[in-house]
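Before any comments, here is the structure.
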Amino acid sequence: MNQKITEQESRFGHLEKMSVAELLKHINEEDCGVAEAVKRAIPQIEALVEAIEPRMKRGGRLFYVGAGTSGRLGVLDASELPPTFGVPDSWVVGIIAGGDKALRHAVEKAEDDASQGWRDLLAYHPTADDTVVGIAASGTTPYVVGAVSQAHRNSLLTGCITSNPDTPLAAVSDFPIETIVGPEFVTGSSRMKSGTAQKMVLNMISTSLMIRMGRVRDNRMVNMQLTNTKLIDRGTRMLQEYLGLDYDEARRRLLQAGCVNDALKSSNQLSQEV
């Protein structure tokens with residue numbers, strides 16, 4: 001088997017002899033190619049999102065499964081959706097090898113268990129409308145490949161995000177996404193370019209889905225949770241703009257309704273009753 005691109009030698013040698021300025025310059029140079037690699041994968045991303053959308057509209061969920069950096073990025077994306085779009089925690093779920101402990105600490109050999117990923121998924125009682133997206137820069141992580149493979153066998157929709165072409169993970173995925181970013185600045189350190197590409201693709205998948213699920217109006221997060229002063233102020237200003245209210249009245253209606261979208265619905269109902 002040919003050496004994986006993610007394991008190939010860095011284009012740069014003797015990093016320890018570089019100045020801070022040189023290190024930063026070269027890391028940035030490498031990062032500049034990540035967006036282009038993601039751009040090349042847009043048709044693959046589009047196909048996956050379009051396959052997930054009708055399933056989510058029927059009540060299906062989206063599961064991200066990963067280990068290490070990949071798992072942490074999946075959990076991060078999933079955890080940001082409820083406050084941003086006002087959706088239940090159950091809509092998008094991040095599963096990481098080794099469980100929550102692995103978010104902060106490496107869990108020895110957790111990613112090497114090919115059967116544990118599916119067992120972790122079974123705790124959520126998956127259905128045919130659910131989607132499982134495996135995240136693994138190498139495309140060979142046993143925990144991830146095993147989970148996606150079993151999901152595929154059980155008629156769930158499957159996808160993946162990898163940084164190598166033609167991997168075992170892609171082979172068991174209905175919709176593989178391959179972001180070929182090349183060798184890492186520090187040889188094999190896939191937390192760098194590969195991780196950046198994964199974050200970008202996850203943003204694209206989840207944001208597109210939330211928009212298609214009606215959680216955005218124009219370009220505004222009208223369903224965001226009012227969890228701090230900044231977001232209350234943002235929501236208040238949205239209502240001022242939409243309804244022509246003064247600040248205090250807009251804020252009162254926002255806090256009473258709980259989110260911008262519900263405040264707008266209440267206002268529409270009042271208008272129809274008058």
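What the Cβ-Cβ distance of Ala51 and Ile232 gives, at R0 = 30 Å and to the nearest 0.05, is a FRET efficiency of 0.20. Given the C-alpha centroids of segment 210-251 and segment 147-207, what is the distance between them in whole angstrom? Going from one Cα centre to the other spans 34 Å.
Distant-in-sequence amide contacts of Phe175, defined by a placed amide H-H separation under 5 Å and a gap of 5 or more residues or a different chain, comprise Thr158, Gly159, Cys160. For segment 194-202, the Karplus equation 6.51 cos²θ - 1.76 cosθ + 1.60, evaluated at θ = phi - 60°, returns couplings of 4, x, 5, 5, 4, 4, 4, 5, 4 Hz by residue, with Gly and Pro reported as x.
Between 0 and 90 degrees, the angle of helix 20-31 with respect to the longest Cα principal axis of the chain falls at about 80 degrees. Evaluated at q = 0.12, 0.16 Å⁻¹, a Debye calculation over the C-alpha positions of the chain (equal weights, vacuum) places log10 I(q)/I(0) at -0.80, -1.14. Using a 1.4 angstrom probe and counting only protein chains, how large is the accessible area of Met213 in Å², to 10? The accessible area of Met213 comes to roughly 40 Å². With a Cα cut-off of under 17 Å and a minimum spacing of 8 residues unless on different chains, the lysine pairs in the chain number 6.
Taking every protein chain into account, the 1.4 Å probe leaves Glu80 with about 80 Å² of accessible area, to the nearest ten. log₁₀ I(q)/I(0) of segment 63-115 at q = 0.19, 0.32 Å⁻¹, via Debye over equal Cα point scatterers, no solvent, to two decimals? Here the Debye-derived log intensity ratios amount to -0.60, -1.19.
How much mean residue ellipticity at 222 nm does the chain get from its helices, if each DSSP H run of length 4 or more adds -39500 (n - 2.57) and you divide by all residues, to the nearest 500 deg cm²/dmol? Provide the component values of the computation, followed by the final result.
Numbers: 11 runs with 136 residues, N = 274.
Result for the chain: -15500 deg cm²/dmol, rounded to the nearest 500.
The Kirkwood hydrodynamic radius of segment 134-241, based on inverse pair distances between different Cα atoms, is 16.2 Å. Put the Cα centre of segment 1-23 next to the Cα centre of segment 69-91 and the gap is 32 Å.
Once divided by 2.2 N^0.38 Å, the Cα radius of gyration of segment 1-127 becomes 1.34.
The values are calculated or read from the model by the stated rules, or taken from the named source; none is laboratory data. All values reported here derive from a predicted model rather than from experimental measurement. All Cβ positions, glycine included, derive from the backbone under ideal geometry; neighbour counts span all protein chains shown. Remember, those area values only see protein heavy atoms, side chains included, never the ligands or the DNA or RNA. Shrake-Rupley method; radii C 1.70, N 1.55, O 1.52, S 1.80 Å.
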